[in-house]
Amino acid sequence: MYRVKETIIVEGTYDKIKLSGFIDGIILTTGGFAVFKNGALRESIKELAERTGIVILTDSDAAGFKIRNFIKQSVPEKYIKHAYIPDISGKEKRKREPGKEGLLGVEGMSEEIIIDALKKAGCTIDGSSAAPKADRAVTKADLMKYGLAGSGSSAEKRRAFAHKLKLPARLSSNMLLDIINRLLTFEEFKRLAEEISEQTPEI
């Protein structure tokens, strides 16, 4: 079992059951979109955010990002960490049909992928956390310089960059920037950004 300090916010009961098999910590479900109208649940999330910090671990589809962004607007940024699962096509065993976007959700991910996502988010696991890379920070201006923001092909380049890091394609430039500064040194970012720029022509 992995002991996780932060409260983990997931979408549904099956996600919680999945994580409970190998994580010792608080796991809270949003009930899908129910969190939008459930004031008591939102207050619980805010309270836990202040006590333990929270990490949001939703599916990588549009619904998951909608829930993630709602919680992000409800809780002060200093209490939130974001864990992202990669875009993997498929369906969970219990489902007869794949989801609308054909992607596996949190419950369909392996233990290794989930723990890796939590580590990348900077969670405190078994008493230690992966600190952000100690180097010159990547800025929004750097994203623009390498075409990852502010150009016609930016979205395509961000998707390619996210794919290289095994992250969901739907990441905004701000979300991508946050995780780049956790995972990469500036030189590592620069090399990968240059490689993607060469592969993706400007529009």
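Can you name the residue in the range 170-203 that is modelled with pLDDT under 90 and open to solvent by 80 Å² or more (accessible area, probe 1.4 Å) and, of all such residues, is nearest to Ile113 (Cα to Cα)?
Looking at the filtered set, the residue picked out is Arg170.
Name the pairs: first residue in the range 122-139 and within 19 Å of Thr52 (Cα to Cα) and open to solvent by less than 60 Å² (accessible area, probe 1.4 Å), second residue part of a strand (DSSP E or B) and modelled with pLDDT of 85 or more, Cβ to Cβ under 6 Å, at least 6 apart or on different chains?
Gly122/Lys81; Cys123/Val4; Cys123/Val55; Ile125/Tyr2; Ile125/Val4
Considering only residues that are under 13 Å from Ala121 (Cα atoms) and touching a strand residue (DSSP E or B) at 6+ places or on another chain (Cβ under 8 Å), look in the range 71-95 and name the one that is surrounded by the most Cβ atoms within 10 Å (Cβ to Cβ).
Residue satisfying both the conditions and the ranking: Ala83.
Which one of these does Leu167 not meet: (1) part of a helix (DSSP H, G or I); (2) crowded, with 19+ Cβ neighbours inside 10 Å?
For Leu167, the exception is condition (1).
Conditions (1) under 18 Å from Pro86 (Cα atoms); (2) among the basic types (Lys, Arg); (3) under 16 Å from the mean Cα position of the chain (by Cα), marked per residue:
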site	(1), (2), (3)
Thr139	no, no, no
Leu143	no, no, no
Lys157	yes, yes, no
Pro168	yes, no, yes
Met175	yes, no, yes
Glu198	no, no, no
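With respect to Glu156, is the statement that it is of a type in the set (Asp, Glu), out of contact with any strand residue (DSSP E or B) (no Cβ under 7 Å at 6 or more places or on another chain) and either under 27 Å from Ile8 (Cβ atoms) or surrounded by fewer than 13 Cβ atoms within 10 Å (Cβ to Cβ) (or both) true?
On the way: of a type in the set (Asp, Glu): yes; out of contact with any strand residue (DSSP E or B) (no Cβ under 7 Å at 6 or more places or on another chain): yes; either under 27 Å from Ile8 (Cβ atoms) or surrounded by fewer than 13 Cβ atoms within 10 Å (Cβ to Cβ) (or both): no.
No, not satisfied.
If Gly147 meets every condition in (1) of a type outside the set (Val, Ile, Thr); (2) part of a helix (DSSP H, G or I); (3) on the phi > 0 side of the Ramachandran plot apart from one, which number is that one?
In the conditions (1) of a type outside the set (Val, Ile, Thr); (2) part of a helix (DSSP H, G or I); (3) on the phi > 0 side of the Ramachandran plot, Gly147 misses (2) alone.
Taking strands (runs of 3 or more DSSP E) that do not extend beyond the range 5-67, which have at least 1 residues that are in contact with a helix residue (DSSP H, G or I) (Cβ under 9 Å, 6 or more places away or on another chain), open to solvent by 10 Å² or more (accessible area, probe 1.4 Å) and under 24 Å from Glu111 (Cβ atoms)? Step through it out loud before you land on a result.
On the way: elements: 7-10, 27-29, 54-56.
Answer list for the range 5-67: 27-29.
So Ile115 ticks every box in (1) touching a helix residue (DSSP H, G or I) at 6+ places or on another chain (Cβ under 9 Å); (2) under 30 Å from Ala63 (Cβ atoms) but one. Which box is left unticked?
(1)
Only residues in the range 52-63 that are closer than 16 Å to Gly90 by Cα count as the first member; pair them with residues that are open to solvent by less than 10 Å² (accessible area, probe 1.4 Å) and not β-branched (Val, Ile, Thr), Cβ under 6 angstrom, at least 6 apart or cross-chain, and list the lot.
As it stands, the answer is Asp59/Gly105; Ser60/Pro168, since those pairs meet every condition given.
The values are calculated or read from the model by the stated rules, or taken from the named source; none is laboratory data. Keep in mind that this is a model prediction, so the values were computed, not measured. Positions of Cβ are generated from backbone atoms using ideal geometry, with glycine treated the same way; all protein chains shown enter the neighbour counts. In case anyone asks, the SASA skips ligands and DNA or RNA and just uses the protein heavy atoms, side chains included. Shrake-Rupley method; radii C 1.70, N 1.55, O 1.52, S 1.80 Å.
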